[in-house]
1. Which one of these does residue 232 not meet: (1) surrounded by 13 or more Cβ atoms within 10 Å (Cβ to Cβ); (2) within 16 Å of residue 73 (Cα to Cα); (3) modelled with pLDDT of 90 or more?
2. Across the stretch 145-165, what is the total count of residues that are over 13 Å from residue 112 (Cα atoms) and either modelled with pLDDT of 95 or more or not hydrophobic (A, V, I, L, M, F, W, C) (or both)?
3. Have a look at 289, 283 and point out the one that is under 24 Å from residue 136 (Cβ atoms), assigned to a helix (DSSP H, G or I) and either open to solvent by less than 40 Å² (accessible area, probe 1.4 Å) or modelled with pLDDT of 90 or more (or both).
4. Looking at the stretch 228-239, which of the residues that are part of a strand (DSSP E or B) and within 27 Å of the chain's Cα centre (by Cα) is farthest from residue 125 (Cα to Cα)?
5. Of (1) over 26 Å from residue 174 (Cβ atoms); (2) modelled with pLDDT under 90, residue 277 satisfies all except one. Which?
6. Take the stretch 122-142 and flag every residue that is open to solvent by less than 50 Å² (accessible area, probe 1.4 Å) and in a loop (DSSP other than H, G, I, E, B).
7. Can you confirm whether residue 242 is modelled with pLDDT of 90 or more, under 19 Å from residue 89 (Cβ atoms), open to solvent by less than 30 Å² (accessible area, probe 1.4 Å) and not in a loop (DSSP other than H, G, I, E, B)?
8. Looking only at the stretch 182-221, how many residues end up being open to solvent by 40 Å² or more (accessible area, probe 1.4 Å) and in a helix (DSSP H, G or I)?
Amino acid sequence: MRPIAQPTGFPRAKLAILALTLLPLATAQAVTPDEQPYVGGYTQGSVDTRSQLMLLDDNTFCFSFMGGSLDMLAGGRWKAEGNGVRLQEVRQNGSVFPVFGKTLLEQKGSVEFDFHGHSLSRAASVAFATGADEALPTSLRRLFKDGHNGWSSSYKLPPVPVAQVRYFYIADAEVDANGQPKQLRVVQYRRGDANMLRVGYNPAFGNPPLNLFAALKDDVLQVGGSRFGERKELPEKALERIRSACIRPALAEAKRPSEEEAAEIAAGRATSVKQPPLMPVKTFYLPLTALQGAPYFLDTDK
């Protein structure tokens, strides 16, 4: 089975701990009798790639893929369906371009953007634009020139007047099966009250969540009609690693401000107010000719 999503950038060291030594597992409690035979670990591999699917007895699962520069880790839930089981990935709300904002109380007249270069280095032809009203842009300016290297973790634009940034737009080039750019995917955000914005890139959100049907035949799991691997029992000592590294992050709820942070804000002592990640307003597409103007950052610019 070929990879079904792009990499999340999850560290390879943490993926490696999921290479399991198969040992006995205690009897599952949460699953139904029809689901019980599926509980276990399944491995598919070749010289260059390795995929693992772990179905736990609380109806959660973890899928990992390692191959070349592609690393993927996905968690979700599974349940019986028809003559097999349905696996559905669970993701926290997010975007291919995650944006984190905060309001600097002393900075009221301008907006600053800080781009995370290490993650954006994995996107193609990243471009940016701002808007003072609801009119969508017809052109965007590249952040980096083609062949940009020497990536930094931070690239900051000069402050922009608040009135010019009611909305902002981040784009990248979608590529075809041969890796050639075909069009620009543009994500629109409403700025709100934030005046300091940190923008990154997460290719995991560039594809739909996993939604797979699997069936067990003679103790071999068939995923999407293709052989995935033979069922092996998972070791007790591996279960907590699977849950903490893969499943809990996928199912976790968004964090709220602590009592101390809330008190600082209420008392007026806070110098900034953190906000939840911004959610996209919409995604639309433009031709590659919409990339216009010189890049914002050259190799020597930070």
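1. Going through the list (1) surrounded by 13 or more Cβ atoms within 10 Å (Cβ to Cβ); (2) within 16 Å of residue 73 (Cα to Cα); (3) modelled with pLDDT of 90 or more, residue 232 breaks only (2).
2. Total satisfying the criteria: 8.
3. Just one listed residue meets the conditions, 289.
4. Filtering first and then ranking leaves 229.
5. Answer for residue 277: the failing condition is (1).
6. Within the stretch 122-142, 123, 124, 125, 126, 137, 139 qualify.
7. yes
8. Residues in the stretch 182-221 being open to solvent by 40 Å² or more (accessible area, probe 1.4 Å) and in a helix (DSSP H, G or I): 1 in total.
The values are calculated or read from the model by the stated rules, or taken from the named source; none is laboratory data. Just so it is clear, the model here is predicted, and its values are computed rather than measured. Using ideal geometry, Cβ is built from the backbone for each residue, glycine included, and neighbour counts are taken over all protein chains shown. What goes into the accessible areas is simple: the full protein's heavy atoms, side chains included, and nothing from ligands, DNA or RNA. Shrake-Rupley method; radii C 1.70, N 1.55, O 1.52, S 1.80 Å.
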